Structure formats: structure tokens, C-alpha cells
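Read-outs throughout are calculated quantities, based only on the coordinates presented, and are distinct from any laboratory measurement. Predicted model, so just to flag it, every value in this text is computed and none were measured. Here Cβ is always computed from backbone atoms with ideal geometry, including for glycine, and neighbour counts include all displayed protein chains.
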Amino acid sequence: MNAPSSKPRVIKDFDKLDLKIQEQIKLEYPEGFEDNLIYFTNKDGKRVSALPFETEEKYYLVRMTVEEAQQIIEDDEDYDEEGNLKDEIKEEYEEKHTDIEGEEEPTEYDTADEEGEDDED
């Protein structure tokens, strides 16, 4: 397991995130979200799923179920019918967010991880 991050943790729904963060998440997960969800027990003892995403300033857990992850991609015109980020959109976002290039190294998580219990909204 990874050492706990000293960055502030933010737990939010995808649609409540700033558009800039949504675009960066799409670049991080161009083939969709559902296969990248992690599971943890929140402060109320409830087992929840979320999509992890980290910037230089914050560590995000984007609340979503597998079904919500699939629906977000299906409804998003930035993704093609197969659930992949369209090439032209990927290029556009890469140009807009050049500061995140080089930070695409994946972070490892245990799917039964109980980290992330700090729930900041």
C-alpha cells in the first residue's frame, strides 16, 4: 500500500467537479472509469466506490458506482461509442492541460482498501 498523502482529500461527485478537473480526469482515464474504481469504507462505515485522481495540490476520490461510471461515459460526447476518449478531444485536452504531462504514472490501490476514510466535501 502507498504511504498516506499529505495532500488535502476531496470527495465529490463527478458532475460537481470543476470542468478543468473533469477534463484532466478524462485524460487520465481515456478508456473509461469503471475498471479504475477503488472501494473503501467511509467514515460512516459504509462501503463505497470512487475514482481516484491526484493533482499537485489535491487528492480526489470521485464518488461513483460502476453503473454511474458507465452512464457518465455513455452520456459524454467526448467519448466514442466504444467508451474511448475521442482522439481529437484527447489532443485538445492535452494542449489545454500540458502541466499534467509526465504525471500519468498509475497509482496502485488494493480494491479492498480502507484508506480514504477522511471525507472532505
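Taking θ as phi - 60° and the Karplus parameters 6.51, -1.76 and 1.60, the scalar couplings of the stretch 21-30 work out to 5, 4, 5, 5, 5, 4, 5, 5, 10, x Hz in sequence order, x denoting glycine and proline. Label sites at Lys86 and Asp15, each approximated as a point 7 angstrom past Cα along Cα to Cβ, lie 2.1 nm apart.
Given in Å, the Rg to one decimal and the Dmax to the nearest whole number for the Cα atoms of the stretch 9-97 are 13.1, 42. Please list, by residue number, everything in the stretch 15-35 whose backbone N is under 16 Å from a paramagnetic label point 7 Å out along Cα→Cβ of Glu56. Taking a point 7 Å out along Cα→Cβ of Glu56, the residues of the stretch 15-35 whose backbone N falls under 16 Å are 21, 24.
Of all lysines in the structure, the ones whose alpha carbon falls short of 18 Å from that of Lys12, not counting any fewer than 8 places away in one chain, are Lys20, Lys26, Lys43, Lys46, Lys58. Each Lys and Arg Cβ is given +1 and each Asp and Glu Cβ -1; about its Cα centre, the stretch 9-97 then shows a dipole of about 1000 debye.
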